[in-house]
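Only the coordinates and a few stated rules stand behind these numbers; no lab work does. None of the values given here were measured: they were computed from a predicted structure. Note that we place each Cβ from the backbone using ideal geometry, even for glycine, and neighbour counts take in every protein chain shown.
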């Protein structure tokens, strides 16, 4: 018995829990298949404390990061009621001493989350590094009503926003940011909705999730699952 390829399963992120219902020991380990699943970081936000592998960052007195008593666990990132207030987690620290996702080797960020609003909000799952290099899946009402890929590689000029043409909403969705050399793609609920080859960084990066208020109104983002998987 052999296991099916995991790479498509990760891209069809709604099936990301598939391996939890299998008995892979019956098939024996496969470093090409099981190795990808066993690598990296996977967090379902169970328990009563946010793991200390994250740096927690909030701006604004009413901004917060709070675990909710929801089935499976949910982290609520609340941005306070002042423009540019935000709540953010970094899988590592802002000193970038744990930059361990390298675009040249390939990686995926996987998140299941929902936004509280479609007005005056920025919600994103992204990787960044010093000298402001970054790759984002972003919903940002300052850009428009759709999901965007935001990229910048420190080559000069402005950030690039690639429009998916897919509007964001307040429902819970699975998202995958897939990055490899010179390429970034956004999968949502198992479908490829966006990709770009423009201004893709080449240095190791740190994983983040953030919710930011675009007006003087509090907003939040519910993060149900988060994974960072190097290939």
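Points to keep in mind about this one:
- Neighbour-count order for 181, 196, fewest beta carbons within 10 angstrom listed first: 181, 196
- Extending 7 Å from the Cα toward the beta-carbon at both residue 105 and residue 217 defines two label points whose distance is 4.4 nm.
- Sorted by Cβ density within 10 Å, fewest first, the residues 136, 71: 71, 136
- Expressed in units of 2.2 N^0.38 Å, where N is the residue count, the Cα radius of gyration of segment 141-198 is 1.17.
- Extension gain, residue 143-residue 44: 0.36 nm per intervening residue step, less the Cα-Cα distance, totals 32.6 nm.
- Length available on full extension from residue 191 to residue 51: 0.36 nm per residue minus the Cα-Cα distance, which gives 47.3 nm.
- Inter-label distance, nm, simple model (7 Å from Cα along the C-beta direction), residue 172/residue 59: 3.0
- Estimated FRET transfer efficiency when R0 is 22 angstrom, pair residue 131-residue 81 (beta carbons, to 0.05): 0.10
- As a proxy for reagent exposure, 180, 191 were ordered by neighbouring Cβ count within 10 angstrom, fewest first; the result is 191, 180.
- Hydrodynamic radius of segment 82-231 by the Kirkwood approach over all distinct alpha-carbon pairs: 15.2 Å.
- Förster-model FRET efficiency, 22 Å R0, residue 159 and residue 96, C-beta, rounded to 0.05: 0.70
- Simple label model, 7 Å out from Cα along Cβ direction - residue 69 to residue 203, nm: 4.5
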